[in-house]
Amino acid sequence: MLEIKGLVKYYRNVPVVNQVSFNVRPGEVTGYLGPNGSGKSTTVKMITGLIEPSAGKVFFEGRDVRKDLVAFRRRLGYVPEDAVLYSFQTGLEHLQLIGRLRGLPEAEVDRRANDLLELFSLRPYRFASISTYSKGMRQRVLIAAALMHNPDVLILDEPLSGMDVTSALLFKYLLGELARQGKTILYISHVLELVEKVCLRVIVIHKGRIMADDSVERLRELMHLPSLEAIFRELIEQRDLEGMARDIVSAIQR
């Protein structure tokens, strides 16, 4: 189990993440939601060890991950929100590089890279430069790279950016299958409809603090609301969004 305990991060003495605590259990897809600037990506960067928390700790299987980040990262697959790919590489070369960095045997590197390119419908483009890939294709490469070493923990930060409907549907089924294999999955997304379908539990963060942590079904019951979108709006958007939309249209028509 992945345990986040009392994470705090200050920037210029302002807490952007403030006493965040939650667990991510094996065999579940846990959604981590919040508006832009709520602290989602900062939380993720602390979990993955990319930035150091001002306070708090992250534990995996009862061990403080910062005591051996290398060992934790060997078991981690991560799709960052703003990933940088080497555009001069081909898709195949990128996956081969990731496999070698992960310490996979050379024969295993080539087999897995080609298998994943095939399964993500990228095999015809495996020798093409990543600079020629669409945004959706790049996202598929990133997801394939995160899976190369069969990680126990997956952290996926807005992985569907730029993907078409078919790829998004594949991703939905993929998350379900990975969860059935016992993976520990933290899924960050703005696509509430997909989160509602694939996540057993959701955590909502706003202004650096946890606002809700429960199953989607129980949140519906407690708040007497029909959907995750309605729950999110009630918890976060304390504004008349429909009214704001009308005001925007009125403003441009004056």
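Quick notes
- Along each principal axis, Cα extent of region 84-150, largest first, Å: 29, 21, 18
- Pairs exceeding a 26 Å alpha-carbon distance, out of Lys67/Lys197; Lys57/Lys172; Lys40/Lys183; Lys57/Lys207; Lys5/Lys40; Lys135/Lys172: Lys67/Lys197; Lys57/Lys172.
- Distance between the 7 Å Cα→Cβ label points at Leu97 and Asp214: 4.6 nm.
- FRET efficiency for the Glu193 to Ala107 pair, using the beta carbon distance and R₀ = 30 Å, is estimated at 0.15.
- Mean residue ellipticity (222 nm) of the chain, computed from DSSP H runs ≥ 4 via -39,500 (n - 2.57), nearest 500: -12000 deg cm²/dmol
- Looking at the chain alone, DSSP beta bridges between its own residues are antiparallel in about 55 percent of cases.
- Where only alpha carbons of region 1-127 are counted, the Rg and the Dmax (Å): 17.5, 50
- Remark: Thr90, Thr43, Thr132 ranked as Thr132, Thr90, Thr43, counting other beta-carbon atoms within 10 Å and listing the fewest first.
- Simple rule: put +1 on each Lys or Arg Cβ and -1 on each Asp or Glu Cβ in the chain, find the dipole, and look at Pro80, Phe22, Tyr10; the Cα lying farthest toward the positive end is Tyr10.
- Globularity index of the chain, i.e. its alpha-carbon radius of gyration over 2.2 N^0.38 Å: 1.08
- Extension gain for Arg63 to Ala251 (0.36 nm times residue separation, less C-alpha to C-alpha distance): 62.2 nm.
- Taking Cα centre as origin and charging only the Cβ of basic (Lys, Arg, +1) and acidic (Asp, Glu, -1) residues, the dipole magnitude of the chain rounds to 580 debye.
- For the pair Leu85 and Ala128 in one chain, pulling the backbone fully straight at 0.36 nm per residue adds 14.1 nm over the alpha carbon distance.
- Long-range amide H partners of Ile203 with built H, under 5 Å: Gly31, Tyr32, Leu33
- Once the C-beta distance of Asp115 and Lys207 is scaled by a Förster radius of 45 Å, the resulting FRET efficiency is 0.55 to the nearest 0.05.
Read-outs: derived from the displayed coordinates by stated rules, not from any lab. Not measured: the values here are computed from a predicted model. Backbone-built Cβ (ideal geometry, glycine too); neighbour counts: all protein chains shown.
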